[in-house]
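The values are calculated or read from the model by the stated rules, or taken from the named source; none is laboratory data. Since the structure is predicted, the reported quantities are computational estimates derived from the model, not experimental observations. A quick note on method: Cβ atoms are made from the backbone with ideal geometry, for glycine too, and the neighbour counts reach across all protein chains shown. Areas reflect the complete protein model, heavy atoms only, side chains present, ligands, DNA and RNA absent. Shrake-Rupley method; radii C 1.70, N 1.55, O 1.52, S 1.80 Å.
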Amino acid sequence: MRRVVAIANGKGGVGKTTLTAGLAGQAASEGRRVLVVDTDPQGNLGRDLGYGLQDGSSLSLAITHGLPVEVSRGVRDGLDVVPGGPALWDVGAAFTSRGARGASLPGLRPAVDRVRPEGIEKDYDLVLIDTPPGEPILQELVFAASDYLIIPTRSDEASLDGLVVVAQRFAAARTVNPDLTLLGVVLFGVRAGSTRLIKRVESALDETLGGAAPVFGTSIRYLESAAVDMRSRGLLPHELERVHHGDKSARINRLRKGVKVDTGDSLLSRDSSAARLAGDYTALAHEVLAAITERERRSRVEVAV
Amino acid sequence: MTPNSRPNLGGLFTGSTPPERSSAVAAQLGPRLVTAPPAADSKDVTAARESTGPSPEPEPEPEPAPTGGTPAPNVASGPVRELGAEVPPLGAPVGQSTVAVALEFIDPLRVVERYFAFLQVVLDVNRRAAIALTTAAISLPRRAGIWR
């Protein structure tokens with residue numbers, strides 16, 4: 001059974017795309033079947049997952065005309081992607097013009113529902129949708145098509161203000177999708193060791209959310225060098241950790257042979273920090289999946305009652 | 001950060017506070033497929049319902065064809081697979097060893113690399129110095145006119 005999870009915030013640069021890629025990669029690496037849908041016209045997900053930039057026209061036409069969407073299969077084991085790109089800018093215009101004529105559009109959910117894993121009978125376990133920050137129509141389309149929402153935020157005021165924007169869009173989207181549920185908020189890009197700051201922001205978030213959803217206990221740490229390594233090589237956090245292991249062996253061999261170390265193409269991040277970052281994503285993925293399981297369990301109980 | 005000045009958004013997320021505006025896409029969206037609530041019975045899982053509004057108790061219906069496209073293949077989803085069923089308890093060390101945590105600020109391999117790089121520099125300096133001294137020593141008698 002697929003669970004469609006949107007990852008959104010009203011502000012850009014809060015880690016939506018990186019978080020989408022990291023969670024998807026982690027879930028797929030643990031044997032789950034995952035589909036990622038990139039609804040961002042910037043199409044930056046391609047950098048995180050290491051596939052070439054695309055124009056997103058297939059997804060755009062699927063939303064506006066109901067055409068079958070093209071899927072990039074096997075981006076990782078168990079991970080397929082519906083790429084985004086600049087053609088998605090057209091979706092807002094299509095909605096405006098058709099709205100003026102009183103015509104309807106298929107929207108995102110039918111397009112996503114038609115995508116099935118290749119070669120196996122079973123469905124995706126998880127569908128993650130990356131959203132653009134500044135495109136209200138695209139974001140509301142995603143909300144109308146999703147079961148759950150995860151909001152990543154940074155610790156600064158502007159990022160927290162993005163919550164207000166996303167809350168209004170969320171509430172508006174529930175008029176067409178009453179099942180949409182806020183799964184939780186993730187604190188993204190915090191410096192390791194800033195315990196006091198994390199506590200303070202978590203407390204502010206709890207107050208802002210008013211008990212509607214939890215702030216996930218795992219936050220994703222800020223590691224510029226690891227971020228650069230991952231995006232420049234199209235690696236996910238757990239893959240960077242593996243690359244570090246391989247890199248370590250090569251360095252030991254160079255030491256044995258007395259070959260001078262060439263720093264030109266070496267990794268910028270440290271293996272210990274890559275391991276900690278990978279650990280963050282692993283823990284967060286487990287927390288998110290456990291939260292979904294818990295919601296489903298509660299749902300089943302309510303249905304049974 | 002001033003937590004006291006933050007708005008309470010809980011109502012917007014739970015539905016107890018109405019939105020300030022209606023959905024920008026609500027009017028244009030066609031009939032939407034909403035997956036049925038998860039149930040223990042796999043038959044319930046594959047059922048879908050058509051929903052155009054916030055009706056809390058919709059009847060399960062056969063999945064209608066999506067607007068304007070090829071219908072979704074009728075693929076059995078199988079029994080509900082609990083996503084977090086095999087998840088280790090939170091707080092357990094994941095993706096890193098205790099040693100990695102302890103060595104967060106010390107990369108032993110880098111230390112060794114730098115140590116050998118330093119030795120290499122010392123060796124190079126020694127070699128140059130030794131060659132220079134030897135050369136000077138060899139050329140000294142000639143300079144002093146002892147040998148011709």
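Below is a table of values for the structure above.
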quantity: Taking N as its residue count, the alpha carbon Rg of the stretch A:1-152 over 2.2 N^0.38 Å; calculated: 0.96
quantity: Kirkwood-Stokes translational diffusion coefficient of the stretch A:157-264, alpha-carbon pairs, 20 °C, 1.002 mPa s, µm²/s; calculated: 122 µm²/s
quantity: Only Lys, Arg (+1) and Asp, Glu (-1) charged, at Cβ; the stretch A:162-280 dipole about Cα centre in debye; calculated: 560 debye
quantity: Ratio Rg/Rh [Cα only; Rh per Kirkwood] for chain A; calculated: 0.99
quantity: As computed over the stretch A:176-229, the Cα convex hull volume per residue (Å³); calculated: 108 Å³
quantity: Assigned charges on the beta-carbon of Lys, Arg, Asp, Glu; the stretch A:101-218 dipole about Cα centre (debye); calculated: 180 debye
quantity: Extension reserve of the A:GLU121-A:SER97 stretch, reckoned as 0.36 nm per residue once the Cα distance is removed; calculated: 4.7 nm
quantity: Length gained when the stretch A:SER57-A:ARG298 is fully extended (0.36 nm per residue, less Cα-Cα span); calculated: 82.9 nm
quantity: Spin-label pair A:HIS245/B:ALA117, simplified geometry with 7 Å Cα→Cβ offset, distance in nm; calculated: 2.6 nm
quantity: Dipole in debye (nearest 20) - chain A, about Cα centre, beta carbon charges: Lys, Arg +1; Asp, Glu -1; calculated: 680 debye
quantity: Between 0 and 90°, nearest 10: helix A:271-304 axis offset from chain A longest Cα axis; calculated: 30 degrees
quantity: Cα lying deepest toward the dipole's positive end in chain A, options A:SER272, A:GLY56, A:ASN177, charges on Cβ; calculated: A:SER272
quantity: Total accessible area lost when B and A pair, probe 1.4 Å, Å² to nearest 100; calculated: 7200 Å²
quantity: With all protein chains modelled, accessible area of A:GLU302 [1.4 Å, Å²]; calculated: 130 Å²
quantity: Principal-axis tilt of helix A:136-145 within chain A, Cα atoms, nearest 10 degrees; calculated: 80 degrees
quantity: Residue-level accessible surface for A:HIS65, protein heavy atoms, 1.4 Å, Å²; calculated: 100 Å²
quantity: Dmax and Rg, reported as Rg then Dmax, of the stretch A:9-91 (C-alpha, Å); calculated: 12.6, 36
quantity: MRE, 222 nm, helices only [DSSP H, n ≥ 4, -39500 (n - 2.57), over chain A, to nearest 500]; calculated: -16500 deg cm²/dmol
quantity: For the stretch A:93-196: rounded, prolate or oblate by the Cα gyration tensor [a/c cutoff 1.5]; calculated: oblate
quantity: Theoretical FRET efficiency, 1/(1+(r/R0)^6), r = Cβ-Cβ of B:SER22 and A:HIS65, R0 35 Å, to 0.05; calculated: 0.90
quantity: Full-stretch length increase - A:VAL259, A:ARG233 - with 0.36 nm per residue and alpha-carbon distance subtracted; calculated: 6.9 nm
